[in-house]
Amino acid sequence: MNLKALVSQHQQAFKQKVVQAFAAKHSMSMEQVVEEYEDEIERYIRGKYKGIEQAVSEIHEFKRPVVLNIRRDPCSDNVCMICERDQPNIKELQRLYGDRLVFYTIYDGSPEGALYHVIHQGEGEKLLPLTAVIHKGEVKKYWSGRPVEVEEYREYLDPLV
């Protein structure tokens with residue numbers, strides 16, 4: 001799954017939902033909404049996806065495989081116990097692979113945290129954390145809502161490094 005293509009698809013689907021909601025609220029056809037408010041809608045969409053696109057651009061710049069970890073901010077009032085149970089596994093990966101990998105953490109409350117919804121393709125319940133192995137812009141594998149054992153990560157990481 002190409003990460004930039006996933007963002008583009010998600011953005012188009014979101015735009016469609018925005019147009020539908022606006023049309024329903026104002027008793028207009030979708031065509032009327034697009035014709036009259038296209039610039040405003042585009043500006044709104046760009047604003048919503050700015051953080052996501054910035055994170056994706058940074059991830060694309062790395063020449064090494066990336067372990068993306070989207071998790072709850074450990075300083076927030078609502079601690080995610082699953083996120084906390086996964087952290088020792090991430091730390092072990094950092095120890096094992098060192099600078100052969102890039103470890104990229106995003107907190108769910110940040111604008112970039114919406115990348116979770118782009119990567120998570122609707123399989124199963126949407127729970128934190130989401131951890132993905134990304135290489136050369138391709139999402140090789142992602143896990144969500146559970147701690148992942150080091151050996152399971154290694155299945156996807158070892159062939160890349």
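At-a-glance table
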item: Hits in the range 53-88 (condition: more than 14 Å from I106 (Cα to Cα) and in contact with a Gly (Cβ under 7 Å, 6 or more places away or on another chain)); result: H60, I82
item: Sole residue being under 21 Å from K48 (Cβ atoms), touching a residue at least 40 places away in the same chain (Cβ under 8 Å) and either of a type outside the set (S, T, N, Q) or not assigned by TED's automatic domain parsing to the domain that holds A13 (or both), chosen from E92, E112, E149; result: E112
item: Unmet requirement for Q11, which otherwise passes all of (1) buried (at least 16 other Cβ atoms within 10 Å of the Cβ); (2) without any contact (Cβ under 8 Å) to a residue 12 or more places away in the chain; result: (2)
item: Only listed residue being in a helix (DSSP H, G or I), touching a helix residue (DSSP H, G or I) at 6+ places or on another chain (Cβ under 7 Å) and surrounded by fewer than 16 Cβ atoms within 10 Å (Cβ to Cβ), chosen from E58, E92, E84; result: E92
item: Residue within the range 98-111 that is modelled with pLDDT under 95, surrounded by fewer than 15 Cβ atoms within 10 Å (Cβ to Cβ) and not in a helix (DSSP H, G or I) present; result: yes
item: Residue within the range 68-79 that is closer than 17 Å to H117 by Cα and without any contact (Cβ under 8 Å) to a residue 24 or more places away in the chain present; result: no
item: Meets criteria (more than 22 Å from V161 (Cβ to Cβ) and in contact (Cβ under 8 Å) with a residue 60 or more places away in the chain) for I59; result: no
item: Filter pass, E151 being assigned to a helix (DSSP H, G or I) and closer than 16 Å to L6 by Cα; result: no
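The values are calculated or read from the model by the stated rules, or taken from the named source; none is laboratory data. Worth saying up front: this structure is predicted, and the values here are computed from it rather than measured. Cβ coordinates were reconstructed from backbone atoms using ideal geometry, including for glycine residues, and neighbour counts include every protein chain displayed.
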